[in-house]
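One structure is given below, encoded as C-alpha cells.
Values quoted throughout were computed directly from the atomic coordinates according to the rules given, and no laboratory measurement underlies them. Note that the coordinates shown come from a computational prediction; the quantities given were computed from them, not determined experimentally. Here the Cβ positions follow ideal geometry from the backbone for every residue, glycine too, while neighbour counts run over all protein chains shown.
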Amino acid sequence: MKKNILIVTANYYKDISSTMTNDVKKIISKNAEFNIQFFTVPGVFEIPVVIARNIKKYHGFIALGCVIKGETPHFEYISKSSIDALMNLSITHKKPIGNGIITCLNMDQAIHRSKKKGVEVINAVRSIFINDK
C-alpha cells in the first residue's frame, strides 16, 4: 500500500528550500511507494501548524526549511520552537516527521547542508516505513 506523505516547505530562503524539495522529488519519482502532496508556508515557524492540521490525513510528513542565525535571539526561539513542535507531533501521533529544517550560522553553511538534507530526510522517513513492515 502506498503511503501518503505531506511535504511542508518553508520558502523564506527559497533557494535553500528549492534545493531540498527538488532532491526529495527526484527520489520520489524513482519510487512508487508514496503519494506525495506539497504545501508551502512562509517560514519554518508555520510548518508544525500545517502538519498538526493534517496529522490524520497522512501517514507521514517531511518538513523542509532553513533558519540562519542573525544578530538577535530570534534564531534560537524559532529553531527550538519549530523543532520541538515537530518532535511532539511525531511522538504524540506516532507518525514519522522527517526534520529537514536546517539551522545554520550563515548562508554558506545552509547551501552546503541543503545539498544533502533532502535526501537524508526522505530516506529517514522511508526507513521508518520499511521497518514497520
Taking a ≥ b ≥ c as the square roots of the eigenvalues of the Cα gyration tensor, with a/c under 1.5 meaning rounded and otherwise prolate when a/b exceeds b/c and oblate if not, the range 49-124 is oblate
Point-to-point label distance, ALA32-ASP108, nm (Cα→Cβ direction, 7 Å offset): 4.6
If I take R0 = 30 Å and measure r between the Cβ atoms of ASN22 and MET87 in this structure, what FRET efficiency does the formula 1/(1 + (r/R0)^6) give, to the nearest 0.05? 0.70
Per q in 0.16 Å⁻¹, report the Debye log10 I(q)/I(0) for the chain, using one uniform scatterer on each alpha carbon and no solvent. -0.74
Could you work out how much longer the chain between LYS2 and ASP15 gets when fully extended? Use 0.36 nm per residue separation minus the Cα distance between them, nm to one decimal. 1.7 nm
Among ILE102, THR40, TYR77, whose Cα projects farthest towards the positive end of the dipole of the chain, with charges put on the beta-carbon of Lys, Arg (+1) and Asp, Glu (-1)? THR40
Highest mean first, what order results for 115-126, 47-58 on Cβ atoms within 10 Å? 115-126, 47-58
Between THR72 and GLU120, what length comes free when the chain is fully extended (0.36 nm per residue of separation minus the Cα-Cα distance, one decimal in nm)? 14.3 nm
